[in-house]
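Each remark here refers to the structure printed beneath this line.
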Amino acid sequence: MAEVKHIVLGKFKDGIPQEEIDQLIKQYANLVNLIQPMKSFRWGKDVSIENLHQGFTHVFESTFESCEGVAEYIAHPDHVEYASKLLPQLEKVLIIDYKPAPVQL
């Protein structure tokens, strides 16, 4: 089975306290303990000097064993509940799922 990456780019709405953002990120990270198909979670903030971020400030990356695993994750009640908390706090969001391709030289 080919690994699948689930990438979420987000920009939190202005005025949301940093403590609330931190709590939302901790809750996102905890999904890996609640949803079996979710194998790992990483996140970070934009640090690019190219200024091509289009306003997105945060990147969240989850790893799954398959596209079916992503589908199971999306439908899982813990994800549905979390998404209902996170998405209203985002001014903009972009989600991409992809299978990493082998590098061919």
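Do any GluC sites (Glu not before Pro) in segment 16-90 lie in a loop, going by DSSP, with at most 16 other beta-carbon atoms within 10 Å of their beta carbon, and if so which? Let's see the in-between values first.
Values: sites: GLU19, GLU20, GLU50, GLU61, GLU65, GLU68, GLU72, GLU81; in loops: GLU50, GLU65.
The qualifying sites are GLU50, GLU65.
Got a number for carbon plus sulfur as a percent of the chain's accessible area, 1.4 Å probe? Write out the running numbers ahead of the final one.
Working: 3850 of 6870 Å².
The value for the chain is 56 percent carbon and sulfur by accessible area.
With N denoting the number of residues in the chain, provide Rg(C-alpha) divided by 2.2 N^0.38 Å, to two decimal places. Walk me through the numbers on the way to the answer.
Working: Rg = 14.4 Å, N = 105, 2.2 N^0.38 = 12.9 Å.
Computed over Cα atoms of the chain, the ratio equals 1.12.
How much length is gained on full extension from GLU50 to VAL93, taking 0.36 nm per residue of separation minus their Cα-Cα distance?
Numbers: separation 43, 0.36 × 43 = 15.48 nm, distance 1.99 nm.
Value of the extension gain: 13.5 nm.
Taking the chain, which trypsin sites (Lys or Arg not before Pro) meet the DSSP loop condition and have no more than 12 other C-beta atoms within 10 Å?
Values: sites: LYS5, LYS11, LYS13, LYS26, LYS39, ARG42, LYS45, LYS85, LYS92; in loops: LYS13.
Answer in residue order: LYS13.
So what's the net charge close to PHE60: Lys and Arg +1, Asp and Glu -1, counting the other residues with Cβ under 13 Å from its Cβ? Present the calculation step by step, with values, prior to reporting the outcome.
Working: positive: LYS5, LYS11, LYS26, ARG42, LYS45; negative: ASP46, GLU61, ASP97.
Net charge around PHE60: +2.
Any of LYS5/LYS26; LYS13/LYS39; LYS39/LYS99; LYS11/LYS39; LYS26/LYS99 with alpha carbons more than 22 Å apart? Name them for me. Can you show the working numbers first?
Details: LYS5/LYS26 19 Å; LYS13/LYS39 29 Å; LYS39/LYS99 14 Å; LYS11/LYS39 24 Å; LYS26/LYS99 26 Å.
Flagged as over cut-off: LYS13/LYS39; LYS11/LYS39; LYS26/LYS99.
Mind jotting down a quarter of the surface of the convex hull over the alpha carbons of segment 51-105, in square nanometres, one decimal?
Details: hull surface 22.6 nm².
One quarter of the hull surface, i.e. the mean projection, equals 5.6 nm².
The values are calculated or read from the model by the stated rules, or taken from the named source; none is laboratory data. Note that this is a predicted model, so its numbers are computed, not measured. We place every Cβ from the backbone using ideal geometry, glycine too, and count neighbours over all the protein chains shown. When the accessible area is computed, the model is the full protein with side chains, heavy atoms only, and any ligands, DNA or RNA have been set aside. Shrake-Rupley method; radii C 1.70, N 1.55, O 1.52, S 1.80 Å.
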